[in-house]
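Engineer: First, the structure itself, so that you have it in front of you.
The values are calculated or read from the model by the stated rules, or taken from the named source; none is laboratory data. Please read these numbers as outputs of a predicted model, since none were measured by experiment. In this analysis, Cβ positions are derived from the backbone assuming ideal geometry, glycine residues included, and neighbour counts consider all displayed protein chains. When the accessible area is computed, the model is the full protein with side chains, heavy atoms only, and any ligands, DNA or RNA have been set aside. Shrake-Rupley method; radii C 1.70, N 1.55, O 1.52, S 1.80 Å.
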Amino acid sequence: MTRDAQSSPEPSPRVTFRHILEFAFAWSFIHALRVLPRRLARAAGVAIATIAYAVLGRLRRVGLRNLQLAFPEMSASEREHILRLEYRNLGWLLAEFCQMSTYTAGFAGSFIRYEGLEHYLAARDRGNGVLVLTGHLGAWELSSYYHSLAGYPMGMVIRRLDNPLVDRMVNRIRCLHGNRVLHKDDFARGLLAAMRTGETVGILMDTNMTPPQGLFVRFFGVPACAASGLARVAVKTGAAVLPGFLLWEESERQYVLHFYPELALVSTGDAEADTAENTARFTAVLEEAIRKYPSQWLWMHRRWKTRPPGEPPIY
């Protein structure tokens, strides 16, 4: 876990009337889904996601454009099918988030199991800290929450929500069992401190970045600007880097929290070259996982928004 209390506090943004209205809606929505039986809540989540697919045309177009970039060999109907399944999975995740504050380890264990936990435990026991390489794949909000329920609280690098009231409410849920939030706008010092004390931090490394925080690597064969901080911190601290994803396994009809073996890092002494190579390797791992579970990645994110100099926009 990370201790963001160690970072210098930032002034709280001014709360507006709009923030209050948004908070009231979000609070009511979360509590409405929380009181339903889990099966009904998941069905309601899918219904909401289905409406969103039909109504939010811009997001749908971005998703289809991304799928066209990633899988040019697929037919348009195949890509649409993948995107519809992704919306279904997002509906499930919405329901899980609304309900997870009520989950116990025993109840969550009835529909989540570990695979490869020994990889995580071995990396943790080395004492140099663990950086969990993950992304918006599967049930990412539920993954860290379940890990804390099982007795392994961790830190999460999270972007602040625009509404400070909703941000605090969401983070209270995330952190009920010992997790800590490390905000993206001031995570460097906290991340280094967490690794020095042997803690675990999960980093969502599949979002669009801009230089100098990001550098260009190949993602599905297309240059994408990827966060380089994970690679820099890993080499600097000797922390273990483990891929980890909570994925829906259709054949089992349950979630599986996968921890994969620790990744080997390139460390030649050339800091910039090592950062570029390790960032490319981490991105390749993410791509491999997405290719295996294509209907569980957040295709609606404009992942290729930042372009190399001279290249035309993709969206």
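Engineer: For region 122-133, how many residues meet the condition of being buried (at least 20 other Cβ atoms within 10 Å of the Cβ) and without any contact (Cβ under 8 Å) to a residue 60 or more places away in the chain?
Structural biologist: 0
Engineer: Within region 222-253, track down each residue that is assigned to a loop (DSSP other than H, G, I, E, B) and open to solvent by 50 Å² or more (accessible area, probe 1.4 Å). I'd like the intermediate steps shown before the answer.
Structural biologist: In the first step, residues of region 222-253 are kept if they are assigned to a loop (DSSP other than H, G, I, E, B); the result is 228, 238-239, 250-253.
Selection gives Glu250, Ser251, Glu252, Arg253.
Engineer: Follow-up. Take region 239-253 and flag every residue that is closer than 18 Å to Ala108 by Cα and touching a Leu at 6+ places or on another chain (Cβ under 6 Å).
Structural biologist: Phe245, Leu246
Engineer: Filter region 51-97 down to the residues that are among the aliphatic types (A, V, I, L, M), open to solvent by 20 Å² or more (accessible area, probe 1.4 Å), in a helix (DSSP H, G or I) and out of contact with any helix residue (DSSP H, G or I) (no Cβ under 9 Å at 6 or more places or on another chain) and list them by number.
Structural biologist: Of region 51-97, the ones among the aliphatic types (A, V, I, L, M) are 51-52, 54-56, 59, 62, 64, 67, 69-70, 74, 76, 82-83, 85, 90, 93-95.
Filter once more, so that each one left must be open to solvent by 20 Å² or more (accessible area, probe 1.4 Å): 51-52, 54-56, 59, 64, 69, 74, 76, 85, 90, 94.
Now restrict to residues that are in a helix (DSSP H, G or I): 51-52, 54-55, 59, 64, 69, 76, 85, 90, 94.
Across region 51-97, the qualifying residues are Ile51, Val55, Leu69.
Engineer: Just to be sure, is Glu288 over 22 Å from His119 (Cα atoms) and either touching an Asp or Glu at 6+ places or on another chain (Cβ under 9 Å) or surrounded by fewer than 20 Cβ atoms within 10 Å (Cβ to Cβ) (or both)? Explain how you work it out, then say what you get.
Structural biologist: On the way: over 22 Å from His119 (Cα atoms): no; either touching an Asp or Glu at 6+ places or on another chain (Cβ under 9 Å) or surrounded by fewer than 20 Cβ atoms within 10 Å (Cβ to Cβ) (or both): yes.
It is false that Glu288 is over 22 Å from His119 (Cα atoms) and either touching an Asp or Glu at 6+ places or on another chain (Cβ under 9 Å) or surrounded by fewer than 20 Cβ atoms within 10 Å (Cβ to Cβ) (or both).
Engineer: Please specify each residue of region 20-37 satisfying the condition of being within 28 Å of Pro164 (Cα to Cα), open to solvent by 30 Å² or more (accessible area, probe 1.4 Å) and not small (Gly, Ala, Ser). Give the derivation first.
Structural biologist: Start the filter on region 20-37 by keeping residues that are within 28 Å of Pro164 (Cα to Cα), which leaves 20-36.
Those left that are additionally open to solvent by 30 Å² or more (accessible area, probe 1.4 Å): 20-25, 27-29, 31-32, 34-36.
Within region 20-37, Ile20, Leu21, Glu22, Phe23, Phe25, Trp27, Phe29, His31, Arg34, Val35, Leu36 qualify.
Engineer: Let me ask something additional. So Leu165 ticks every box in (1) touching a residue at least 40 places away in the same chain (Cβ under 8 Å); (2) out of contact with any Phe, Trp or Tyr (no Cβ under 7 Å at 6 or more places or on another chain); (3) in a helix (DSSP H, G or I) but one. Which box is left unticked?
Structural biologist: Among (1) touching a residue at least 40 places away in the same chain (Cβ under 8 Å); (2) out of contact with any Phe, Trp or Tyr (no Cβ under 7 Å at 6 or more places or on another chain); (3) in a helix (DSSP H, G or I), Leu165 violates only (2).
Engineer: Step by step: first the residues of region 98-121, then only those that are outside any loop (DSSP other than H, G, I, E, B) and among the β-branched types (Val, Ile, Thr), then the one that is least open to solvent (accessible area, probe 1.4 Å). Which residue is that?
Structural biologist: Per the stated criteria, the residue is Ile112.
Engineer: Out of the residues in region 164-217 that are of a type in the set (A, V, I, L, M, F, W, C) and touching a Pro at 6+ places or on another chain (Cβ under 9 Å), which is least open to solvent (accessible area, probe 1.4 Å)?
Structural biologist: Val217
Engineer: Between a first residue in region 68-84 that is within 16 Å of Ile51 (Cα to Cα) and without any contact (Cβ under 8 Å) to a residue 24 or more places away in the chain and a second residue that is open to solvent by 40 Å² or more (accessible area, probe 1.4 Å) and of a type outside the set (Phe, Trp, Tyr), which pairs have beta carbons less than 8 Å apart while being 6 or more apart in sequence or on different chains?
Structural biologist: Pairs that qualify, where the first residue is within 16 Å of Ile51 (Cα to Cα) and without any contact (Cβ under 8 Å) to a residue 24 or more places away in the chain and the partner is open to solvent by 40 Å² or more (accessible area, probe 1.4 Å) and of a type outside the set (Phe, Trp, Tyr), are Glu80/Leu64.
Engineer: State all residues of region 254-276 that are in contact (Cβ under 8 Å) with a residue 40 or more places away in the chain, open to solvent by 30 Å² or more (accessible area, probe 1.4 Å) and in a helix (DSSP H, G or I); if no residue qualifies, say none.
Structural biologist: Of region 254-276, the ones in contact (Cβ under 8 Å) with a residue 40 or more places away in the chain are 254-263, 274-276.
Subset that is open to solvent by 30 Å² or more (accessible area, probe 1.4 Å): 254, 260-263, 276.
Ala276, the sole residue that qualifies.
Engineer: Criterion first (in a loop (DSSP other than H, G, I, E, B), aromatic (Phe, Trp, Tyr) and buried (at least 16 other Cβ atoms within 10 Å of the Cβ)) does Tyr146 satisfy it? Spell out the reasoning first.
Structural biologist: Values: in a loop (DSSP other than H, G, I, E, B): no; aromatic (Phe, Trp, Tyr): yes; buried (at least 16 other Cβ atoms within 10 Å of the Cβ): yes.
No, not satisfied.
Engineer: Identify all residues within region 292-315 that are open to solvent by less than 30 Å² (accessible area, probe 1.4 Å) and either closer than 11 Å to Cys225 by Cβ or among the aromatic types (Phe, Trp, Tyr) (or both); write none if there are none.
Structural biologist: If the condition is that a residue be open to solvent by less than 30 Å² (accessible area, probe 1.4 Å) and either closer than 11 Å to Cys225 by Cβ or among the aromatic types (Phe, Trp, Tyr) (or both), then Tyr293, Trp297, Trp299, Arg303, Trp304, Thr306, Pro308 are the ones that fit.
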